[in-house]
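The values are calculated or read from the model by the stated rules, or taken from the named source; none is laboratory data. This one's a predicted model, so the numbers in the text were calculated from it and none came from an experiment. Positions of Cβ are generated from backbone atoms using ideal geometry, with glycine treated the same way; all protein chains shown enter the neighbour counts. These accessible areas exclude ligands, DNA and RNA; they are computed on the full protein's heavy atoms, side chains included. Shrake-Rupley method; radii C 1.70, N 1.55, O 1.52, S 1.80 Å.
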Amino acid sequence: MGTDSNRHEFRAEVQQLLDLMIHSLYSNKDVFLRELISNASDALDRRRFEQLTDETMRTDRALEIHVKPDSESRTLVISDNGIGMSRDEVIENLGTIARSGTKEFLAKLRAAKEKPDAAPELIGQFGVGFYSSFMVAQEVEVITRRAGEDTATRWSSKGDGGYELADGERDEPGTTITLKLKDVDEDNHVRDYTEEWVLKDIVKRYSDFVSYPVKLLTWTKKEDSEAKVLDEKTLNSGKAIWAKNKSDVTDEEYAEFYRHISHDWNAPLAHVPVKIEGTFEAQALLYLPEKAPFDLFHPEMKRGVQLYVKRVFIMDECKELMPAFLRFVKGVVDAQDLSLNVSREILQKDRQIAAIRKQLVKKTFDKLEEIRGEDREKYDGFWSQFGAALKEGLVGGNDKEQDRVLDLLMTRSTHDVTKWTSLAEYVERMKDGQDAIYFLAGTSLEAVQNSPHLEGFRAKGYEVVFFTDPIDEIWLSRGLTFQDKKFVSAGKGDVELGTEEEKAEADKAREEKEREHKDVLTAIRSYLQDDVKEVRLSGRLTSSAACLVGDEGDMTPQMEKLMKQLGQDVPKTKRILELNPDHAVLAKLQKIYDEDKGSQDLETYAKLLYGQSILAEGGMLEDPAEFSKLVSELMTRAT
Ligand code: ADP
């Protein structure tokens, strides 16, 4: 066996991360141990699971985590006899940051470098696992052997740009991590991690529920003798927190368990214990995080629910237990009546799993409802983080789920654009005789709230809600109703506001005006025939000269863009240009037309009005250069 020791460079982002850790002002350095124990526990879970299906993985030894301090050499060893890592896995796992949110993380990292105060929060937000050991260690060595393989690998690093990789020695599969500890520095929150009471304190606080024994191994002198013996103490109770009575678990314990399963360093927003009894039995403990992960909309985001059967870990990311629109919910489900050999294929068809899922979804909705009722600010915070994901339930969920998501949905509206409002609150404020929920969808709040489409609604005192997430266009096109009220776009069709009488009057007045301006409208239409299907007078404008609207069933420009992004070949939807009948611009156009039916100015103005209408709703011009040329021309002509 050759000792081929060679140095590898860290990927740039890893070194940046390590620098951050090494110089970290993060005050809770104790958590490095929680991270290492958590990793060890995951490795044991995987080993136990592989044992179920693979005879060769069996071991007679109990699966355990050992913590071994040595005050003389100032080292701390954390070892497990879990799944271990192959050489390739070591390179992959301990030399890169394998997360889909890496890009954002790096951007934040760069910002943190310029603002050192921001670093602790950043560390807390990302929870950077294994690398956190560099907060307390000047050198870290990992010796690991993958279960099923004969050779071990040794990885070591001082966090100075790279790591050494060599063959290692290990009698059985698993991982041993040796930390060469930094000096004790109470000012900088580095405690003496070779002290028994310090280690006990940390394990009790952060890792008590870990389901494998976490044993402290210490050398103690025998009384009246020089000989030392190895003492063994189990530091954790290992009790499954989800199986305990709610009253026996403190909020802090719930929070720590959350950190353990989620790898989030922050406390959760809320926890949801679930007990299912009857024809079959299951317990669950769900958590709502406070902050959205950076990869919430990335297809590779780690899903949140783990499946246990009779206390035995079966799998991570159990998709069958939670719909995709609740993928951010973290937690554990322990089913008592499933087989330990359950496979993904079985899960997909299992009626018990379907029934559990239904309960989990219901309890999650109930909890959200409860939070909104008790603490509106907290709920608003939740909605800002996860609302866009939850709304996917309006597309992918079943009828019942859709109804509950609509109940929970929050939007901004013309009532008070700085606050979130629920649809129920909107309905309560609706005007007498109003039978629809008026909305305006667009790409950003800035764009929609200043849109000319709102003018008529504002003038007549009708509230309009705003939808600005990409998913909105999709569910809004599905014809859902809330409390029997349809969603009607303020930017589509012939929106008529007011009482029947008022509507009839407005219609009449507009028809008259249409007759009066018929020819000039036709002329304008002829100049814009590639872009609009109709030019007509508007009932929705009060101050702007023009706006663009779609027909009831038409695709909006955002939807068109979305479909194109999804690779769909969609034809361009021509829209309708509406002109304000009371605006001076219309009078001017009429005048030009009356004087010279073929005037070049008419074409210029038509194009300007069209471009202006696109800009007013926050859209993008197809040919900005042409538009600005027309504006300049207009300016040079003006006197
Ligand atoms: P995270 O645990 O959040 O994925 P870490 O940086 O803590 O990130 O660990 C990176 C990866 O290294 C883990 O996902 C796991 O695959 C591997 N790993 C870490 N510790 C161990 C261990 N004790 N045994 C086996 N694999 C480990």
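Computed on protein heavy atoms with a 1.4 Å probe, the accessible areas place 563, 555, 410 in the order 555, 563, 410, largest first.
Of all DSSP beta bridges confined to the chain, the antiparallel ones make up roughly 75%.
For the chain, just say rounded, prolate or oblate: build the C-alpha gyration tensor, square-root its eigenvalues into a ≥ b ≥ c, call rounded for a/c under 1.5, and beyond that prolate if a/b exceeds b/c, oblate if not. In terms of gyration-tensor shape, prolate.
What FRET efficiency do you get for residue 251 and residue 469 if R0 is 25 Å and r is their Cβ-Cβ distance, rounded to the nearest 0.05?
0.20
Need one word for segment 399-489: rounded, prolate or oblate. Basis is the Cα gyration tensor (sqrt eigenvalues a ≥ b ≥ c); a/c below 1.5 gives rounded, then a/b vs b/c decides. In terms of gyration-tensor shape, oblate. Rounded to the nearest 10 degrees, the angle from helix 196-207 to the longest Cα principal axis of the chain is 40 degrees.
With each label modelled as a point 7 angstrom along the Cα→C-beta vector, the residue 224-residue 503 pair spans 10.4 nm. Between the residues 592, 67, 444, the greatest Cα displacement towards the positive end of the dipole of the chain, with unit charges on the Cβ of Lys, Arg, Asp and Glu, is found for 67. Given +1 at the Cβ of Lys and Arg, -1 at the Cβ of Asp and Glu and no other charges, the dipole of segment 399-489 around its Cα centre is 180 debye to the nearest 20. What's the angle, to the nearest 10 degrees (0 to 90), between helix 399-408's Cα axis and the longest principal axis of the chain? In the chain, helix 399-408 runs at an angle near 80 degrees to the longest axis. Both radii come from the Cα set of segment 241-384: Rg as radius of gyration, Rh as Kirkwood radius; their ratio Rg/Rh reads 0.95.
Normalising the average separation of contacting C-alpha pairs (under 8 angstrom, six or more residues apart) by the number of residues puts the relative contact order of the chain at 9 percent. Ligands, DNA and RNA left out, the 1.4 Å accessible surface of segment 241-384 is 46% carbon and sulfur atoms. Among the GluC sites (Glu not before Pro) within segment 135-182, those in coil by DSSP and having at most 11 neighbouring Cβ atoms inside 10 Å are 169. Magnitude of the charge dipole for the chain, about its Cα centre and with charges confined to Cβ atoms of Lys, Arg (+1) and Asp, Glu (-1), is about 500 debye.
For the listed peptides 564-573, 620-629, a ranking on the average number of other beta carbons within 10 Å per residue, highest first, reads 620-629, 564-573.
Under the combined filter of DSSP loop state and at most 11 neighbouring Cβ atoms within 10 Å, segment 1-96 retains these GluC sites (Glu not before Pro): 72.
Give the relative contact order (percent, whole number) for segment 507-638; include only Cα pairs under 8 Å separated by 6+ residues.
On the way: 137 pairs, mean separation 35.6, N = 132.
Normalised by residue count, the contact order of segment 507-638 is 27 percent.
Considering only protein heavy atoms and a probe of 1.4 Å, how much of the accessible area of segment 399-489 is carbon and sulfur, as a whole percent?
Summing carbon and sulfur atoms, their accessible area is 45 percent of the total for segment 399-489.
What separates the Cα centres of segment 187-221 and segment 468-546 is a distance of 69 Å. Segment 493-537 gives an Rg/Rh value of 1.09, both radii derived from C-alpha positions and Rh following Kirkwood.
Seen against the Cα atoms of the chain and their longest principal axis, helix 251-262 is set at about 80 degrees.
Taking 0.36 nm per residue of sequence separation and removing the Cα-Cα distance, the residue 296/residue 13 pair yields an extension gain of 99.8 nm. The residues of the chain have, on average, 49 Å² of accessible surface per residue, using a 1.4 Å probe with all protein chains present. Considering only alpha-carbon pairs that sit under 8 angstrom and 6 or more positions apart, the relative contact order computed for segment 6-234 is 29 percent. Taking 0.36 nm per residue of sequence separation and removing the Cα-Cα distance, the residue 358/residue 89 pair yields an extension gain of 93.1 nm.
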